[in-house]
1. Using a simple spin-label model with points 7 Å from Cα along the Cα→Cβ vector, what separation in nm is obtained for Ser68 and Arg183?
2. Using alpha carbons only, how many angstrom separate the centre of region 117-194 from the centre of region 55-115?
3. Determine the gain in length on full extension of the stretch Val78-Tyr5; use 0.36 nm per residue of separation and subtract their C-alpha separation, reporting nm with one decimal.
4. Taking region 1-110, which trypsin sites (Lys or Arg not before Pro) meet the DSSP loop condition and have no more than 14 other C-beta atoms within 10 Å?
5. Per the helix-only calculation at 222 nm, which mean residue ellipticity applies to the chain, given -39500 (n - 2.57) for every DSSP H run of n ≥ 4 and division by its residues, nearest 500 deg cm²/dmol?
6. Cut-off 10 angstrom, C-alpha nodes, Gaussian network model of the chain. Which of Gly65, Gly136, Gly110 fluctuates the most?
7. Using the count of nearby Cβ atoms within 10 Å as a rough guide to exposure, how do Val170, Val108 rank from fewest to most?
8. Shape of region 6-104 from its Cα gyration tensor (a ≥ b ≥ c, root eigenvalues): rounded if a/c is under 1.5, otherwise prolate when a/b > b/c, or oblate?
Amino acid sequence: MIQGYLNELGQTLQRLPVEAIERLADLLHEARLQGRQVFLLGNGGSAATASHFACDLAKNTIQPGIPSFRALSLTDNVALMTAWANDTAYDNLFCGQLGCLLRPGDIVIGISGSGNSPNVLRAMEMAREQGAVTVGLTGFSGGKLKELVDLAIIVPSERMEQIEDLHLIVEHAVVTALRARARATAAGGGATAP
């Protein structure tokens, strides 16, 4: 059973959309250099991935000589999240937070295994309307999320556990690429692959 899970995970890993993942690294590197903010959001396991991604962007990509990432997970302020959910609706959980922070050109990354989480979809609609660059990390067939974003990274799996596993692998691959780009930029060589 365990070996079967790992075998299937490895097969799915080989089918990840590498070009789309590279594009995400490009978008994030450009945002960093231009001082734009990066917002991440999701529910459940995807909320944990959003927090992890924001942490890695803010901490693990620091390079003297270039700006640090301005990354924020909208899943980390429990008081604010529950205030929006309680006082309005759970679907407004992320929109409420984005409303006072988001500027045109910022990046909003919505993470939803199914691609159909209503509060993620609403946030991505709002982000697009306000001129943000929108990215979706999803699985299955991409759900409604794939139609609402500028860049969709769809894990080709129908198993939520594996989708969540691979979202974290995507995150780590992107952060690794961003560290290499940061070093190259600081050295005057522009962007480069890890």
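1. Each label point is offset 7 Å from its Cα along the Cβ direction, giving 2.1 nm.
2. So the two Cα centres are separated by 14 Å.
3. Stretched fully, the Val78-Tyr5 segment lengthens by 22.9 nm.
4. Arg15
5. Calculated from helices alone, the mean residue ellipticity at 222 nm is -17000 deg cm²/dmol.
6. Looking only at Gly65, Gly136, Gly110, the biggest GNM fluctuation is shown by Gly65.
7. Val170, Val108
8. oblate
Rule-based calculations on the coordinates, nothing more; no lab input. What you see is a predicted model, and the numbers here were worked out from it, not measured in a lab. Here the Cβ is made from the backbone with ideal geometry for all residues, glycine too, and neighbour counts use every protein chain on show.
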